[in-house]
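Asker: My questions will all concern the structure given below.
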Amino acid sequence: MNTFVTNLAIMPFERLKPEVKAILEEKNLSVEHRLEQVCEVLRENIPYYDWVGFYFKNGDKEELKLSAFAGEPTDHTIIPFGKGICGQVAVSNKNFVVPDVKAQNNYIACSIHVKAEIVIPLFLNGENIGQIDIDSHTPDPFNIEDEHFLQWVNEEVAKILS
Ligand code: SME
């Protein structure tokens, strides 16, 4: 890819950063409401982000609980550690990019339209306390720029949780 095309690809992320920061700084809103708005902004501005949600560790339990999301409601509001892409990231502490969900055997289907998924862990003081999860109806849409951008989003979210 030439530089011009690469820059075009990165631009939406750079443009969105100040918007995400502004939402997270709205101290008059609850954290959950701010996270919901972040999900909405990402879903509306990135054409291949069809469902965006934040899961967090559910108290002392070895499970994730859905906190805020944008897109179709899901039945999977609780996910045990180790189950599905989300549950695996809760244990591995690593980014998980899935270009083709059909190729995964440990996967929890939320919708028949979903073709790909990316899950990025969210760390607070070095501890994996949750994650951002994106589902896409486009096959193989995610690249390293998505990973970097979503890591940045999670770092910004961690700041309002501490
Ligand atoms: N597909 C996820 C479940 C959550 S939904 O995508 C909203 C998984 O396999 O963990």
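Asker: Taking the Cβ of Leu16 as the centre, find all other residues whose Cβ is under 13 Å away and add up their charges (Lys, Arg: +1; Asp, Glu: -1).
Answerer: Neighbourhood net charge equals -3.
Asker: Pairs of Cα atoms under 8 Å, at least six residues apart: use those to get the relative contact order of the chain, whole percent.
Answerer: After rounding, I find 21 percent.
Asker: I would also like to ask the following. Pop out the carbon and sulfur fraction of the accessible area of the range 3-161 as a percent, whole number, probe 1.4 Å.
Answerer: Here it works out to 52 percent.
Asker: With the dipole of the chain worked out from charges on the C-beta (+1 for Lys and Arg, -1 for Asp and Glu) around the Cα centre, which of Cys110, Gly59, Pro18 lies farthest toward the positive end?
Answerer: Gly59
Asker: Follow-up. With a 1.4 Å probe and all protein chains left in place, how much accessible area per residue does the chain have, in Å²?
Answerer: 53 Å²
Asker: Report, in debye and to the nearest 20, how large the dipole of the range 3-161 comes out about its Cα centre when Lys and Arg carry +1 and Asp and Glu carry -1 on their Cβ.
Answerer: 200 debye
Asker: Right, here's the next one. Evaluate the Kirkwood expression for the hydrodynamic radius of the chain, namely the inverse of the mean inverse distance over all pairs of different C-alpha atoms, and round to one decimal in Å.
Answerer: Over the chain, the inverse of the mean reciprocal pair distance is 15.9 Å.
Asker: While we're here: What FRET efficiency comes out for the pair His148/Val91, r = Cβ-Cβ distance, R0 = 25 Å, nearest 0.05?
Answerer: 0.65
Asker: Something else about it: Which loop trypsin sites (Lys or Arg not before Pro) in the range 32-137, with loop taken from DSSP, have no more than 13 other Cβ atoms within 10 angstrom of their Cβ?
Answerer: Here the trypsin sites (Lys or Arg not before Pro) that fit, given the DSSP loop and packing criteria, are Lys61, Lys94.
Asker: Further, regarding this structure: How much net charge surrounds Cys110 when only other residues with a Cβ under 15 Å from its Cβ are counted (Lys, Arg +1; Asp, Glu -1)?
Answerer: Overall, the nearby charge balance is -2.
Asker: Where in the chain are the DSSP H helices whose C-alpha atoms run 20 Å or more along the long axis and whose mean Kyte hydropathy is at least 0.0?
Answerer: What comes out of the filter, once short or polar helices are dropped, is 3-24.
Asker: Still on this structure, please answer the following. In percent, how large is the relative contact order of the range 45-137, given Cα pairs closer than 8 Å and 6 or more residues apart?
Answerer: 31 percent
The values are calculated or read from the model by the stated rules, or taken from the named source; none is laboratory data. Please read these numbers as outputs of a predicted model, since none were measured by experiment. So basically every Cβ, Gly included, is an ideal-geometry build from the backbone, and we count neighbours across all protein chains shown. For accessibility, only protein heavy atoms count, side chains too; no ligands or nucleic acids. Shrake-Rupley method; radii C 1.70, N 1.55, O 1.52, S 1.80 Å.
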